[in-house]
Amino acid sequence: MSRFFESEMVRETVMDLERMQQQLAKDMYLIGTYSREQKQDHLKLLKAFLEKQKLFFFRVSLSDDPDALMIKNKVLEAAKMFGYSELDGMDKFFEKLDETIQDLENSLDR
């Protein structure tokens, strides 16, 4: 195991992200049957997941550990599928995701 992943905080974050991702994936199949309140709960989880991802990406970006750099590159490659541009940077990408979640919240209010 690399130094980066020896950190208890990093391991806990990875486990939290995995747990949240599994719940979000499960929700995708059921969201059409959810009540308004359940949809709001889903969006809260989505927001928490995004915040945790931002912090994890920031932590990975500060590390010079080879495994952390590999994770960072994988995240950047995955983000490209969702519109990430190296010119704008990850801050702009995360900002767009925040806006999308806000739009979804607003659509629940209509």
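Highlighted here are the helices (runs of 4 or more DSSP H) found entirely within region 10-110 that include at least 3 residues which are at pLDDT below 90: 66-80, 89-108.
Would you check if Leu55 is under 27 Å from Leu104 (Cβ atoms), in contact (Cβ under 8 Å) with a residue 40 or more places away in the chain and among the aliphatic types (A, V, I, L, M)? Criteria met by Leu55.
Of all the numbered requirements in (1) among the polar types (S, T, N, Q); (2) surrounded by fewer than 13 Cβ atoms within 10 Å (Cβ to Cβ); (3) within 25 Å of Glu8 (Cβ to Cβ), Ser63 misses one, and that requirement is (2). Checking each residue of region 93-109 against the condition of being over 20 Å from Asp41 (Cα atoms) and among the hydroxyl-bearing types (Ser, Thr, Tyr) gives no match. The set of residues from region 60-109 being more than 26 Å from Phe5 (Cα to Cα), β-branched (Val, Ile, Thr) and in contact (Cβ under 8 Å) with a residue 24 or more places away in the chain comprises just one member, Ile101. Looking only at residues in region 24-40 that are under 16 Å from the mean Cα position of the chain (by Cα) and surrounded by 14 or more Cβ atoms within 10 Å (Cβ to Cβ), which one is farthest from Asp67 (Cα to Cα)? The qualifying residue farthest from Asp67 (Cα to Cα) is Asp27.
The values are calculated or read from the model by the stated rules, or taken from the named source; none is laboratory data. Because the structure is a prediction, the values reported are computed rather than measured. Virtual Cβ from ideal backbone geometry, glycine too; neighbours counted across all protein chains shown.
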